[in-house]
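The values are calculated or read from the model by the stated rules, or taken from the named source; none is laboratory data. All values derive from a computational prediction rather than experimental measurement. Every residue, glycine among them, receives a Cβ derived from its backbone with ideal geometry; neighbour counts consider all protein chains shown. Accessible surface areas use protein heavy atoms only, side chains included; no ligands, DNA or RNA. Shrake-Rupley method; radii C 1.70, N 1.55, O 1.52, S 1.80 Å.
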Amino acid sequence: WEDGIAAFKAGNYAQAAKEFEAVVAGKPDWANGQMMLGRAQLKLGKNQQAIAALRKAYDLEPGNGTIQLALAQGYLEANMAGDAAQLLGRINPASLAKEQQGTFSKLYAMALDKSGQGDRAAQELAKAAAASPNDAALQYQYGAAALNAGDTQAAVAALEKAVRLDP
């Protein structure tokens, strides 16, 4: 486990995947092992294998916010935006740790947008931007989504804020 974490943090995803494969071989019902295997496989572009490991982690601990977000990310990377939007739509963001709530909003907005629900994506990003008013990247994302949704006034305000935050 420790070697897998170290390899993952160092960006050596092939080694991390190898280490996590050994971990889940010994403990197949350990959700965190499955999740980290899936995350390493995503980094290697092995999307279908990653989804299988992340789905197993989710099945083992369906209420684990970290696993839910990792699975949603996996779905997005595998071009399964509808599945990501469906999964994220069942999550109560208030149940997530504070630092996960911004990630949730970004992933949910991306999933909604990629699954053809741009207006709902802009609404999610508006909530996220309001909750994280000093996040320039989030303000920019909201501004771009609002512009795509036809809300020019909100788009300009958010984009101006993004520029003020990160010129």
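Data for the structure
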read-out: Where a residue in the range 54-74 is in contact (Cβ under 8 Å) with a residue 12 or more places away in the chain and assigned to a helix (DSSP H, G or I) and its partner, wherever it lies, is acidic (Asp, Glu) and open to solvent by 10 Å² or more (accessible area, probe 1.4 Å), with Cβ under 7 Å and at least six apart; value: 60/29; 67/61
read-out: Answer from 123, 139 - the residue that is under 25 Å from residue 72 (Cα atoms) and open to solvent by 50 Å² or more (accessible area, probe 1.4 Å); value: 123
read-out: Qualifying helices (runs of 4 or more DSSP H) (wholly inside the range 81-167; at least 1 residues being under 17 Å from residue 69 (Cβ atoms)); value: 81-89, 98-114, 118-131, 136-148
read-out: Given (1) touching a Pro at 6+ places or on another chain (Cβ under 6 Å); (2) of a type in the set (S, T, N, Q); (3) over 26 Å from residue 131 (Cα atoms), index of the condition residue 79 fails; value: (1)
read-out: Given (1) open to solvent by 20 Å² or more (accessible area, probe 1.4 Å); (2) in contact with a Gly (Cβ under 6 Å, 6 or more places away or on another chain), index of the condition residue 54 fails; value: (1)
read-out: Per-region count, the range 40-51, residues part of a helix (DSSP H, G or I) and either open to solvent by 60 Å² or more (accessible area, probe 1.4 Å) or not aliphatic (A, V, I, L, M) (or both); value: 5
read-out: Unmet requirement for residue 113, which otherwise passes all of (1) open to solvent by 20 Å² or more (accessible area, probe 1.4 Å); (2) over 16 Å from residue 72 (Cα atoms); (3) not hydrophobic (A, V, I, L, M, F, W, C); value: (2)
read-out: Residue match in the range 78-93 (condition: at pLDDT below 95, of a type in the set (Lys, Arg) and either open to solvent by 20 Å² or more (accessible area, probe 1.4 Å) or closer than 29 Å to residue 124 by Cα (or both)); value: yes
read-out: Residue list for the range 142-167, restricted to those being of a type in the set (Ser, Thr, Tyr) and open to solvent by 70 Å² or more (accessible area, probe 1.4 Å); value: 152
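Rundown of residues vs (1) open to solvent by 20 Å² or more (accessible area, probe 1.4 Å); (2) touching a Phe, Trp or Tyr at 6+ places or on another chain (Cβ under 6 Å); (3) in a helix (DSSP H, G or I), yes/no style:
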site	(1), (2), (3)
6	yes, no, yes
15	yes, no, yes
20	no, no, yes
23	yes, yes, yes
28	yes, no, no
38	no, no, yes
